[in-house]
Amino acid sequence: MTTKTISDGIRITAVQMGIAAGLLAVVAGTFFEVRPPEAYGICMACHGRDLLNWTLNIVFHTHLTVASASAVFPALTTLGVIFGAVIGAKTNGEFRWYSPESFFKEFVYGALVMNFALLAGGCSIRLLLRSAAGDFAGVVGFGGMVAGVIAGTIWLRWRAVR
Amino acid sequence: MTTAVVTLLAGAVIGYLGQRSRMCFVGGIRDFILVRDTYLLRGLIAFGLTAWVAFPLASLVLHSNIGPFAQADAVTVVLTIAGGFGVGYFSTLANGCPLRQHVLAAQGVKSSIAYLAGFFVGAVVFHVWVASLVSRVLP
């Protein structure tokens, strides 16, 4: 009898993922010269911005900002992550279309997170990566992010118990 | 060219592992505050510690230092703190960091696809309006 449950799939803990992602981020940024800027091995916001702006610059001859690392060919982290996650979900029976009724709210959150991330110079991952590389601005940015998460969590809890 | 290939491959591995582990870089702190669950928080710490150890090792092997980082002035520090706070706050409300949203979108969660649409519209909005506005308002 082969009934497939979610627990049948390949299981990876968050710690294993963190170690692997940390190594990949450092190796990509140093050995494979995904820089400048420094500590640029992985960033979901900046790399996505690079890919989008690079494409827009080619197609519409605009002059939108692109990091030097992505000047010739853009970072394709966004596509890689989506591809890897689709493989992970499909091979373990976790892919299914699901529509929560919060499209517009999520759209606005996405735009806000991108704007604040570009202001800070990195998404949550790169702020931590910059801190690990010894960038003072990265440390204060990561501190701000932790404070933001705490504030957001307290707000969510307050709204839930009200 | 290396940038594109390396980030595509590294991204694919990170996307796969992120999907299997449900990793989220803001969820760890949130879960710890709400229910004292440390599963995701340990992943966050593991990432930071690994990178912290691997950076000096890499510069030892390559015989070149990381950085130097630009000396951050007061304006940059304030902007970075404000930006970081916004990332943390709105990522928490959106139910996941940017990486988690990419993974959820790839799993078929349609609100996360809407999040990604907002994410990329936001990038254009930032570079066309917000960046010039910020540089005009600040000294």
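Please state the shape class of segment A:78-145: rounded when a/c is under 1.5, otherwise prolate if a/b exceeds b/c and oblate if not, all from the C-alpha gyration tensor.
Cα axes put segment A:78-145 in the oblate bin.
With a cut-off of 16 Å, note down the residues of segment B:55-70 whose backbone N falls inside the zone around a label point 7 Å from the Cα of B:T2 toward its beta carbon.
B:58-67
Quick one: 3J(HN,Hα) in Hz for segment B:71-86, Karplus 6.51/-1.76/1.60 with θ = phi - 60°, rounded, Gly and Pro as x.
5, 6, 7, 4, 5, 4, 4, 5, 4, 5, 5, 4, x, x, 4, x
Which of the cysteines in chain A are isolated, no other cysteine C-beta under 4.7 Å?
Cysteines of chain A left without a disulfide-compatible partner: A:C123.
For chain B, what is the relative contact order in percent, using Cα pairs closer than 8 Å and at least 6 residues apart in sequence?
Once normalised by length, the contact order is 25 percent.
If Lys and Arg each add +1 and Asp and Glu each add -1, what is the summed charge of the other residues whose beta carbon sits under 15 Å from the beta carbon of B:D37?
After counting each charged neighbour, the total is +4.
With the cut-off at 1.5 for a/c, could you classify chain B from its C-alpha gyration tensor as rounded, prolate or oblate?
rounded
What translational diffusion coefficient, to the nearest whole µm²/s, does segment A:7-112 have by Stokes-Einstein, given a Kirkwood radius computed over alpha-carbon pairs, a temperature of 4 °C and 1.567 mPa s viscosity?
80
Given R₀ = 30 Å, what would the calculated FRET efficiency be for A:F104 paired with B:S59, taking r from the Cβ atoms and rounding to 0.05?
0.05
Once phi is turned into θ = phi - 60°, what whole-Hz ³J(HN,Hα) does the Karplus curve with 6.51, -1.76 and 1.60 give for every residue of segment B:10-18, x standing for Gly and Pro?
4, x, 4, 5, 5, x, 5, 5, x
Rule-based calculations on the coordinates, nothing more; no lab input. This structure is a prediction, so every number in the text was calculated from the model and none was measured. Reconstructed Cβ throughout: ideal geometry from the backbone, glycine too, with neighbour counts over all protein chains shown.
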